[in-house]
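Here the structure comes first, spelled out in structure tokens, and everything after it is commentary.
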Amino acid sequence: QVQLVESGGGLVQPGGSLRLSCAASGIIFSDYAMGWYRQAPGKQRELVGSISSYGSTIYADSVKGRFTISRDNAKITVYLQMNSLKPEDTAVYYCNARSFNRNLWGQGTQVTVSS
């Protein structure tokens with residue numbers, strides 16, 4: 001069964017940190033580029049960052065220097081380390097797995113940054 005399961009979301013104060021995890025199953029993980037997207041209320045889903053099967057990364061300008069995406073092919077998991085969180089980072093965060101012929105999504109995890 002193909003699944004992407006996110007975890008690690010929650011409520012954090014501005015300036016705080018969270019680490020999101022996305023565990024994959026049912027896919028050949030190394031064949032997929034992995035990404036994190038987010039969607040805030042009333043806004044379109046946007047790319048936060050992605051990591052290729054070789055480990056190269058890209059980030060949205062809004063998170064550069066604060067967020068780090070990584071992957072562990074042995075654990076079939078991708079991570080998003082989020083530091084210096086701001087209220088505008090509040091959103092549902094989605095894990096994405098993309099290959100040449102498939103585009104998969106997790107169910108999302110809520111991240112709320114508020115004092």
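Once both labels are positioned 7 Å from their Cα atoms along Cα-to-Cβ, the gap between S53 and N101 label points is 1.3 nm.
Would you mind classifying the range 1-50 by shape? Square roots of the alpha carbon gyration tensor eigenvalues, ordered a ≥ b ≥ c; an a/c under 1.5 is rounded, otherwise it is prolate if a/b is larger than b/c and oblate if not. Because a/c hits 1.5 or more and a/b exceeds b/c, the range 1-50 counts as prolate.
Can you list the chymotrypsin sites (Phe, Trp or Tyr not before Pro) in the range 80-115 that are in a DSSP coil and have 11 or fewer other beta carbons within 10 angstrom? Could you put the intermediate results ahead of the total?
Values: sites: Y93, Y94, F100, W105; in loops: F100.
Taking the range 80-115 and a limit of 11 other Cβ atoms within 10 Å, the loop chymotrypsin sites (Phe, Trp or Tyr not before Pro) found are F100.
Between D89, D61, D31, the Gaussian network model of the chain with springs among Cα atoms under 10 angstrom shows the greatest mean-square fluctuation at D61. Residues R19, R71, ordered by accessible area of protein heavy atoms at a 1.4 angstrom probe radius and largest first, appear as R19, R71.
Quick check on the chain: take the gyration tensor over C-alpha atoms, sort the square-rooted eigenvalues as a ≥ b ≥ c, and tell me if it's rounded (a/c under 1.5), prolate or oblate.
Prolate is the answer for the chain, as a/c is 1.5 or above and a/b outweighs b/c.
With contacts taken as Cα pairs under 8 Å and at least 6 residues apart, the range 33-115 reaches a relative contact order of 28 percent.
Dipole magnitude for the range 28-115: computed about the Cα centre from +1 point charges on Lys and Arg Cβ and -1 point charges on Asp and Glu Cβ, it is near 60 debye.
The values are calculated or read from the model by the stated rules, or taken from the named source; none is laboratory data. Being a predicted model, the structure only gives us computed values, none of them experimental. Quick reminder, even Gly has a Cβ in these numbers, built from the backbone with ideal geometry, and neighbours come from all protein chains shown. The accessibility values were calculated without ligands, DNA or RNA, using every heavy atom of the protein model including side chains. Shrake-Rupley method; radii C 1.70, N 1.55, O 1.52, S 1.80 Å.
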